[in-house]
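Structure first, then comments.
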Amino acid sequence: MIDGTISVNGVISPAAQAGIPALDRGFLFGDNVFEVIVGFHGKLLDVDRHLARLRRSAAEIELDIPWSDAELTFEIEALASQIPAPKNYIRLVITRGNGLGLNIGDSLAPNRVIYSFAAAQEPTLTYKDGLSLRRRMLPYTERGPSAKTGNYLRSILALKQVKQEGYQDILWTNAAGEVTESSTANIFFIGREGDLVEVATPPAASGILLGITRDTLIQLLTRAKIRVTERIIYADEIARFDEAFLCSTVRGLIPVGKIDAHKLHTARASSVFRHFERLFLTWVESEIGFRVDWNTGSRL
């Protein structure tokens, strides 16, 4: 049983008792947008930026959100305060409302569902040598940033397949052979040529979700005079990179140890990634006011 609290249109229930309408279009058709927010000891990170992206995603699928940012923020923070966990997981979902059939009516009233849980901890062993990724190719190429909607069936099935092959996550490429992202995270690559270090990440034009943590990291590295190149990265380039890592709101920065058969040195104590990780955790400390272990949420 999952312990936590869920609010459905303002009605708060324990997770085991909460329910959504059977005709909810998010449930029936994946007709929704969502954001995931992380917090430590009640201090939530980047609420404003997550709500801004929520509205961009909603505009992309022509979904009107009738609640103000102030109203949504108040409810999110109130729910987070009810879960006294070191690390909080908040999921805000806005669906188009209730309705059967593919035609979108003008009178639909959106539903809002907010989940508040203690964040699950990643097994420490996962990080010992870095994650192993298996490439999978999408049958299409979409250009431009993706909306954050609740349709993850393709990733769910692909994850099941790659785990049966002994890998821990997917690395998607589009039909043009361009690297995009993992199942739920953006990716950065680090390469060296002599004393020169290249930090590269796929661009919006390859068809990715523009992650909040991705944006934070680009800003932090730029301020530190470390150039980050947002460029098309083809699958056949992967072998020339020495390190790679994923980044996401809940999982933070995750070293990658292997992509297919290509081994990477990301998890080493002396890797470039470890410098980026320290920079990111210093930023987190400045935002919430104290140091934490990202995985457990424990104060340091």
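Relative to the longest principal axis of the Cα atoms of the chain, the long axis of helix 69-81 makes an angle of roughly 80 degrees. Taking other Cβ atoms within 10 Å as a rough exposure proxy, Ser248, Ser298 sort from fewest to most as Ser298, Ser248.
Could you size up the charge dipole of the chain around its Cα centre, putting +1 on the beta carbon of Lys and Arg and -1 on that of Asp and Glu, and report it in debye to the nearest 20?
Working: 34 positive and 35 negative charges, 129 e Å.
Taking the Cα centre of the chain as origin, the dipole is about 620 debye.
Summarising the overall dimensions of region 154-206 from its C-alpha atoms, the Rg and Dmax are 13.6, 41 angstrom.
Bin by bin, in steps of 5 Å, what percent of the Cα pairs in region 1-56 do you find, going until the bin that has the longest distance? Result, from short to long distances: 4, 14, 16, 22, 26, 13, 4, 0 percent.
For region 63-215, give me the percentage of DSSP beta bridges that are antiparallel, rounded to the nearest 5 percent. Could the numbers behind the result be given before it?
Working: 15 of 20 bridges.
Bridges in region 63-215 that DSSP calls antiparallel: roughly 75 percent.
Counting only DSSP H runs of at least 4 residues, each contributing -39500 (n - 2.57), and dividing by the residue count of the chain, the helix-based mean residue ellipticity at 222 nm comes to -8000 deg cm²/dmol.
Principal axis extents of the C-alpha atoms in region 258-300 (largest first, rounded to whole Å): 41, 19, 15.
Projecting the Cα atoms of Ile94, Gln82, Ile288 onto the dipole axis of the chain, where Lys and Arg carry +1 and Asp and Glu carry -1 at the beta carbon, places Ile288 farthest toward the positive end. Where the alpha-carbon atoms of region 124-288 are placed on the principal axes, they occupy 38, 33, 30 Å, in descending order.
In a DSSP loop and with at most 15 other Cβ atoms within 10 Å, the GluC sites (Glu not before Pro) in region 66-146 are Glu142.
Note on Lys160: lysines with a C-alpha under 21 Å away, same-chain residues under 8 apart excluded, are Lys258. For region 124-288, DSSP calls about 65 percent of its internal beta bridges antiparallel. Specify the inter-centroid distance of region 10-89 and region 96-115, based on alpha-carbon positions, in whole Å. If you average the Cα positions of each part, the centres end up 16 Å apart. Separation of region 275-300 from region 146-205 is 25 Å, based on Cα centroids. Sorted largest first, the spans of the alpha carbon positions of region 63-110 along the three principal axes are 44, 21, 12 Å. Packing-based ranking of 78-87, 286-295 yields 78-87, 286-295, ordered from highest to lowest mean Cβ neighbour count within 10 Å. Extension gain for the segment Gln219 to Ala78, taken as residue separation times 0.36 nm less the Cα-Cα distance, is 47.8 nm to one decimal. Taking every pair of alpha-carbon atoms in region 4-118, give the share separated by more than 18 Å as a whole percent. Roughly 49 percent, once rounded to a whole number.
The Kirkwood radius of the chain, taken over pairs of alpha-carbon atoms, gives through the Stokes-Einstein law at 4 °C and 1.567 mPa s a diffusion coefficient of 64 µm² s⁻¹. If you wrap region 189-281 in the convex hull of its Cα atoms and look at it from every side, the mean projected area works out to 6.1 nm².
In summary, the aspartates and glutamates within cross-link reach of Lys87, defined as a Cα separation below 16 angstrom excluding same-chain residues under 8 places away, comprise Asp3, Asp46, Glu77, Glu122, Glu285, Glu287, Asp293.
Remark: the Asp236-Ala22 segment gains 72.4 nm on full extension, using 0.36 nm per residue and subtracting the alpha carbon distance.
Throughout, read-outs are computed from the coordinates displayed, never taken from laboratory work. Predicted, not measured: the structure shown is a model, and the values here were computed from it. With ideal geometry, Cβ positions are generated from the backbone for all residues, glycine too; neighbour counts draw on all protein chains shown.
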